[in-house]
Amino acid sequence: MNITCTIGQKETPAWVAEFLDGTRQGAVHFAFGQRINHVYPGDYLYLIHRGKVQGRLRITEVVEDAELTLPAGNEHEPIEAKTVVWVHCPGEPVGHRDIPRDSHRGFRYDEVSEWGS
């Protein structure tokens, strides 16, 4: 099942773009303070920033019950992770699509049907 992840308002659009434009390469983690179920390698993590989907990243690994403290965001603030989702960068930018999403904390299960094939 695909999920969305909201990136905080304090992060810059340039920082978010790094996940999609080739600046970041290979495996990158997203740490979540809650458990995430029914998400598997091959699913997508869609990045939301400032109310819009910015792109998607292919999930490569999901570590449940992680119980780790990991850095998050541009300022590397520590987060007590219960689930760690690993993705492959670079992801796929949203391109010409306009996909609005209300912001939320953490994640939501969402197939993002507006993305298309």
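The table that follows gives values for the structure above.
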| quantity | calculated |
| --- | --- |
| Residue selected from the stretch 98-117 under the condition assigned to a strand (DSSP E or B) and in contact (Cβ under 8 Å) with a residue 60 or more places away in the chain, by the criterion nearest to the chain's Cα centre (by Cα) | 107 |
| Qualifying residue in the stretch 1-9 (condition: in contact with an Asp or Glu (Cβ under 6 Å, 6 or more places away or on another chain), closer than 19 Å to residue 109 by Cα and either among the polar types (S, T, N, Q) or at pLDDT below 95 (or both)) | yes |
| Flag if residue 59 is part of a strand (DSSP E or B) and within 18 Å of residue 115 (Cβ to Cβ) | yes |
| Residue in the stretch 35-42 that is modelled with pLDDT of 90 or more, part of a loop (DSSP other than H, G, I, E, B) and farther than 23 Å from residue 115 by Cα present | yes |
| Sole exception among (1) acidic (Asp, Glu); (2) assigned to a strand (DSSP E or B); (3) at pLDDT 90 or above for residue 65, by number | (3) |
| Residues being of a type in the set (A, V, I, L, M), outside any strand (DSSP E or B) and touching an Asp or Glu at 6+ places or on another chain (Cβ under 9 Å) - total across the stretch 75-97 | 0 |
| Of all residues making up the stretch 1-14, the number that are surrounded by 12 or more Cβ atoms within 10 Å (Cβ to Cβ) and either aliphatic (A, V, I, L, M) or part of a strand (DSSP E or B) (or both) | 6 |
| Residue in the stretch 89-110 that is small (Gly, Ala, Ser), at pLDDT below 85 and at positive phi present | yes |
| Qualifying residue in the stretch 15-26 (condition: in a strand (DSSP E or B), out of contact with any His (no Cβ under 7 Å at 6 or more places or on another chain) and either closer than 18 Å to residue 113 by Cβ or without any contact (Cβ under 8 Å) to a residue 60 or more places away in the chain (or both)) | no |
| Exclusive hit being surrounded by 13 or more Cβ atoms within 10 Å (Cβ to Cβ), over 17 Å from residue 27 (Cα atoms) and acidic (Asp, Glu), set 43, 110, 98, 102 | 110 |
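The values are calculated or read from the model by the stated rules, or taken from the named source; none is laboratory data. Treat the numbers as computed from the prediction; the structure is a model and nothing was measured. Glycine gets a Cβ as well: all are built from the backbone with ideal geometry, and neighbour counts include every protein chain shown.
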